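Peer 1: Mind having a look at this structure? Questions to follow.
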């Protein structure tokens, strides 16, 4: 079968017709070139194959020419299913790529701005009991008090240092922001809209999470004039509209947002979103870390296991606690968590122009990101970069180490699943010994992408299967990382400590690819990800040879 026909049929099997004017996102694939490839020549050659079947080819960003994005504007993915991953494998084989992945919208990050009736209906398998009731008696400033932000501001002022994050730029890939009383007095720098490719990051308020970006921004940078005060009210906000809602994120858009932030001078990037493993997203995180940008992401909500990008070694993962310093009932947790911050009933802006209590690790990571801005401002970013270089570290790893070493550890704290402790901004800023905890095992990211994928996806599989479960004959965690992470996070079945498998997601919501079916031989892993007798895309003609779809 000719290369063009093979790709066309695979894309048709994974997608439906997309009609003009529809809000459905076009189907697109990220194509990761080999390290020694000439990006311009490869882009031209791939375009010659794909343009005749309606695809456009462009580099991911100005910072990333080694990843090409193939967009089929007349097609839209027919829901997350194995056919999309099978199509990505066909791209990889036909073009001899390092990797390829479908840019699937994922729905793995429920947040408190989702309407109550949606949560009550439990439409996506997220338990309503992970949301805590509001506590009317909580003062508006309890969360910043919990992380000692006011004491940190006072400490900086007393030492005649820049306070409240002054001079730092915090980038926020999210749904964008709106005009709001809680954001009226903040400092802003120009932002961007990745989805519409323009300079206006205004949230159109038409997604599942209207106002999500406004809410999380307020927790970082809101000043004292309103009800909400952010952890770094002197920092400048770089708003980037990168997702329609945190219920529907795509990895390519988030990677482009990270690159835009790095290219335009961001010092901290905070991401209140989450989804599946992505080659493209990890590469963007590495570029940010190598550019001395501190990158943090929410651990995730309600699905138990830490999601990506927080799960990447390159990223600082933030879990959530309540006012009693106990784990917020909805917080994802596990060994991937670096640190925790308030996530339950945190005061934040609400649209159109109010404020109130919200919950989710979205707010925990926003508070922690503000603390990073305080640290950079107080000590001077250039000074901290120099100190990190002298210790053979990235600025990211130095902040991770210092924030962990100075974190609060309440009695009974579970560092194995909730990170080093709860963010303590005052202790962090007042720590003048930049060698704290250097004697501990380094948490630096592995140097090879394949190693990082194997560690991240394999650890997710081990956590999903259960404590002590052995995984002989593992699959290629790198090649199959995106699909395996999708299936594992969907959590069709969990293995209880007593060894009983419990179904949690209907089979018809997860149809694995034939490629994965052929690659996974371990019987326990097969059953957990839905290969144990479940229908795969092999039954629909998606594999090495593909039945033609209808265009």
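Peer 1: State all residues of region 173-194 that are farther than 27 Å from residue 61 by Cα, part of a loop (DSSP other than H, G, I, E, B) and out of contact with any strand residue (DSSP E or B) (no Cβ under 7 Å at 6 or more places or on another chain); if no residue qualifies, say none.
Peer 2: 179, 184, 185
Peer 1: Which is more than 22 Å from residue 258 (Cβ to Cβ), out of contact with any strand residue (DSSP E or B) (no Cβ under 7 Å at 6 or more places or on another chain), free of Cβ contacts under 8 Å to residues at least 24 places away in the same chain and not in a loop (DSSP other than H, G, I, E, B), of 21, 48?
Peer 2: It is 48.
Peer 1: Can you tell me which residue within region 103-126, out of those that are within 28 Å of residue 277 (Cα to Cα) and either out of contact with any helix residue (DSSP H, G or I) (no Cβ under 9 Å at 6 or more places or on another chain) or assigned by TED's automatic domain parsing to the domain that holds residue 365 (or both), is modelled with the lowest pLDDT?
Peer 2: Across region 103-126, the extreme among qualifying residues is 123.
Peer 1: Sort out which residues of region 402-448 are modelled with pLDDT under 95 and within 21 Å of residue 333 (Cα to Cα), and write them in order of number.
Peer 2: Within region 402-448, 441, 442, 443, 444, 445 meet the criteria.
Peer 1: So, one more: Looking at residue 232 and the list (1) under 30 Å from residue 382 (Cβ atoms); (2) assigned to a loop (DSSP other than H, G, I, E, B); (3) within 11 Å of the chain's Cα centre (by Cα), which single condition is not satisfied?
Peer 2: Against the list (1) under 30 Å from residue 382 (Cβ atoms); (2) assigned to a loop (DSSP other than H, G, I, E, B); (3) within 11 Å of the chain's Cα centre (by Cα), residue 232 comes up short only on (3).
Peer 1: OK, next. Would you list the helices (runs of 4 or more DSSP H) that sit entirely within region 369-433 and hold 2 or more residues that are out of contact with any helix residue (DSSP H, G or I) (no Cβ under 7 Å at 6 or more places or on another chain) and in the same structural domain as residue 236 (by TED's automatic domain parsing)?
Peer 2: Correct list: 381-390, 395-405, 415-418.
Peer 1: Filter region 282-312 for residues that are part of a loop (DSSP other than H, G, I, E, B) and crowded, with 22+ Cβ neighbours inside 10 Å and give the result. Show your work before the answer.
Peer 2: Start the filter on region 282-312 by keeping residues that are part of a loop (DSSP other than H, G, I, E, B), which leaves 291-293, 299-300, 302-304, 306-307, 309-312.
Hits for region 282-312 are 293, 299, 300, 302, 303, 306, 307, 309, 310, 311, 312.
Peer 1: I'd like to check something: does region 62-81 contain any residue that is in a helix (DSSP H, G or I) and either more than 21 Å from the chain's Cα centre (by Cα) or under 25 Å from residue 511 (Cβ atoms) (or both)? Let's see the steps before the verdict.
Peer 2: Going residue by residue through region 62-81, those that are in a helix (DSSP H, G or I) are none.
No, because not a single residue in region 62-81 is in a helix (DSSP H, G or I) and either more than 21 Å from the chain's Cα centre (by Cα) or under 25 Å from residue 511 (Cβ atoms) (or both).
Peer 1: With respect to the numbered conditions (1) within 17 Å of residue 100 (Cα to Cα); (2) within 26 Å of the chain's Cα centre (by Cα); (3) surrounded by 15 or more Cβ atoms within 10 Å (Cβ to Cβ); (4) touching a residue at least 24 places away in the same chain (Cβ under 8 Å), which one is the sole condition not fulfilled by residue 59?
Peer 2: Residue 59 satisfies all of (1) within 17 Å of residue 100 (Cα to Cα); (2) within 26 Å of the chain's Cα centre (by Cα); (3) surrounded by 15 or more Cβ atoms within 10 Å (Cβ to Cβ); (4) touching a residue at least 24 places away in the same chain (Cβ under 8 Å) except (4).
The values are calculated or read from the model by the stated rules, or taken from the named source; none is laboratory data. Small disclaimer: the values here were computed from a predicted structure and weren't measured. Every residue, glycine as well, gets a Cβ built from its backbone with ideal geometry; the counts of neighbours run over all protein chains shown.
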